[in-house]
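Only the coordinates and a few stated rules stand behind these numbers; no lab work does. Source: prediction; values computed, not measured. As a convention, Cβ positions derive from the backbone with ideal geometry for all residues, glycine included, and neighbour counts pool all protein chains shown.
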Ligand code: PLP
């Protein structure tokens, strides 16, 4: 048996992530690897932290990128903050709220689940009722942008409720960061995690996270050590703490961090507001075209994510055959339905570098040809 280099084709990625990576980010990945304690690399890491603070709109000193995907960011938030026996109100309106619940259960903590139908934003009244029924709950956890359904929840209102009740908020911003407003300090978010592969258009495998001073205080006052050595933030911070103080924790994914730095330089030079606006404009363009093709959105207007458009698969259409034709004949990937929506919905992503006019045009033209 002989082996050869793997040379993938150039696809247009319009699924739920990973999204198309910026060419500059791919170029950054192939730059020479430095030692992770090299002063030049450390200089870049200081900038990376400042760029992450910009993306999250926060001054939180504990802002960093976990060397693993979004699920590890999720786990880092739960495992560091929540101790066995503590009560967490968790909102579930799709797959990823369910994954949060799984984390809570595995920690031996107590979960109060607030269910909202799939395809809808988290229902604020239900959360309010759960908070008043459980004054002993210490945390409110929710997914800002539910990638399994395309619904956007009101993170500002949810965090305000948590704060008023003296609870800490844990927010999943894997799909929201860079695509819609995420304002950590203004909204009073206590723990937040994201992913490199969605609206940041970086390579997959890194999870930006940020912890508020109140969250850091909670971590410092734990009665028990964090169960996970790798994700224990008090240890990881020894490496991320800043000039002159960095010490070895694990070997940093050096080239992937160049890539994240480059993706965030891109976001910073475009500007957050402009990036949010671009996602919104491309969504409107796509929505108009999908409507003309007779495709209906699952999520009601006003609760839709611009970066993830979920439409019902029309009666009589073979889901898998359409997606295979798009992939094979047009080099275009759109997403299948996930969980309850498997076989019922398509998820069309407009994330980061993918939120471009040419992608919208390609997707609409290809769908028109394949569906007719
Ligand atoms: N949370 C949300 C909302 C997601 O969309 C995803 C991935 O799609 C995750 C968490 C998990 O991230 P990852 O697949 O990078 O582990």
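The figures follow:
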{"read-out": "Relative packing of peptides 292-301, 342-351 - highest average C-beta neighbours within 10 Å first", "value": "342-351, 292-301"}
{"read-out": "Separation of the residue 320 and residue 285 label points, Cα + 7 Å toward Cβ, nm", "value": "3.4 nm"}
{"read-out": "Contour excess over end-to-end distance, with Cα ends at residue 371 and residue 214 and 0.36 nm allotted per residue", "value": "51.3 nm"}
{"read-out": "For the range 330-364 versus the range 183-239, the gap between their alpha-carbon centres in whole angstrom", "value": "29 Å"}
{"read-out": "Radius of gyration, Dmax [the range 7-94; alpha carbons; angstrom]", "value": "17.6, 50"}
{"read-out": "Tail beyond 16 Å, pair distance distribution of the range 160-199 (Cα, percent)", "value": "36 percent"}
{"read-out": "Fully extended contour minus Cα-Cα distance, from residue 6 to residue 269, at 0.36 nm per residue", "value": "91.4 nm"}
{"read-out": "Radius of gyration, Dmax [the range 279-372; alpha carbons; angstrom]", "value": "12.2, 34"}
{"read-out": "Estimated inter-spin distance, residue 136 and residue 113, nm [label 7 Å along Cα→Cβ]", "value": "2.1 nm"}
{"read-out": "Share, in percent, of DSSP beta bridges within the chain that are antiparallel, nearest 5", "value": "50 percent"}
{"read-out": "Cα gyration tensor, the range 130-256 - rounded (a/c under 1.5), prolate or oblate", "value": "oblate"}
{"read-out": "Computed [θ] at 222 nm, deg cm²/dmol, the chain (DSSP H ≥ 4; -39,500 (n - 2.57); rounded to nearest 500)", "value": "-13000 deg cm²/dmol"}
{"read-out": "Calculated diffusion of the chain, Stokes-Einstein form, Kirkwood radius summed over Cα pairs, 20 °C and 1.002 mPa s, µm²/s", "value": "101 µm²/s"}
{"read-out": "Span per principal axis, largest first, for the Cα atoms of the range 204-333 (Å)", "value": "58, 36, 32"}
{"read-out": "Stretch gain in nm, segment residue 344-residue 224, where the contour uses 0.36 nm per residue and the Cα spacing is subtracted", "value": "38.7 nm"}
{"read-out": "Three-way shape call for the range 61-176 based on the alpha-carbon gyration tensor, with the a/c threshold at 1.5", "value": "rounded"}
{"read-out": "Residue 164 versus residue 123: modelled label distance in nm, points set 7 Å from Cα along the beta carbon direction", "value": "1.9 nm"}
{"read-out": "Ellipsoid semi-axes in whole angstrom, largest first, where each is sqrt(5λ) of the Cα gyration tensor of the range 220-282", "value": "33, 17, 11"}
